[in-house]
1. Just checking, how many residues over region 61-71 are within 20 Å of Pro14 (Cβ to Cβ), open to solvent by less than 70 Å² (accessible area, probe 1.4 Å) and of a type outside the set (Val, Ile, Thr)?
2. Sort out which residues of region 21-31 are more than 12 Å from Val5 (Cα to Cα), among the hydroxyl-bearing types (Ser, Thr, Tyr) and open to solvent by less than 40 Å² (accessible area, probe 1.4 Å), and write them in order of number.
3. Restricting the search to region 72-121, which residues are under 19 Å from Tyr32 (Cβ atoms), part of a strand (DSSP E or B) and open to solvent by 50 Å² or more (accessible area, probe 1.4 Å)?
4. What is the one condition in (1) at negative phi; (2) without any contact (Cβ under 8 Å) to a residue 40 or more places away in the chain; (3) not hydroxyl-bearing (Ser, Thr, Tyr) that Leu81 does not satisfy?
5. Would it be correct to say that Gly103 is farther than 26 Å from Gly15 by Cβ, modelled with pLDDT under 95 and among the small types (Gly, Ala, Ser)?
6. Within the group Leu56, Leu18, which residue is open to solvent by less than 50 Å² (accessible area, probe 1.4 Å) and modelled with pLDDT of 95 or more?
Amino acid sequence: QVQLVESGGGLVQPGGSLRLSCAASERSFRTYAMGWFRRTPGKEREFVAAASRSGLSTFYADSVKGRFTISRDNAKDTVYLQMNNLKPQDTALYYCAAGVVAGASSPYEYSSWGQGTQVTVSS
């Protein structure tokens, strides 16, 4: 399994932007499909976005489509989540995950997870 470390979370006002990063521990990163999920207390992990191994194919939850962008840099073993026009309902602990199925929206399709980074959207 690949080790993943997220960063970039924080407190932002509604309408603001954040960019999350997820760095992988090994060069096999490029062999994994990557995803972003989020979780709020008492709820299951929710799919946010996913990218294929090359990053050419991307997938989004309806709730973030048009506001969030997933991208990856295989030379840096890093996947990103650019979040624009943030809303209070985007407040959650955000996780990146590595798997084998590109575009998978079920957390059970991912075998490696980071520890999460908190995003809070509030005025």
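1. 4
2. Within region 21-31, Ser28 is the sole residue that qualifies.
3. Within region 72-121, Ser111, Trp113 qualify.
4. (2)
5. So Gly103 passes the test.
6. After applying the criteria, what remains is Leu18.
Yes or no, residue by residue, for (1) of a type in the set (Phe, Trp, Tyr); (2) over 16 Å from Thr120 (Cβ atoms):
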| residue | (1), (2) |
| --- | --- |
| Ala23 | no, yes |
| Ser28 | no, yes |
| Phe37 | yes, yes |
| Arg53 | no, yes |
| Ser63 | no, yes |
| Ala75 | no, yes |
| Met83 | no, no |
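The values are calculated or read from the model by the stated rules, or taken from the named source; none is laboratory data. What you are looking at is a predicted structure, and each value in this text was computed from that prediction instead of being measured. All Cβ positions, glycine included, derive from the backbone under ideal geometry; neighbour counts span all protein chains shown. Just so you know, the surface numbers come from the protein's heavy atoms only, side chains and all, with ligands and any DNA or RNA stripped out. Shrake-Rupley method; radii C 1.70, N 1.55, O 1.52, S 1.80 Å.
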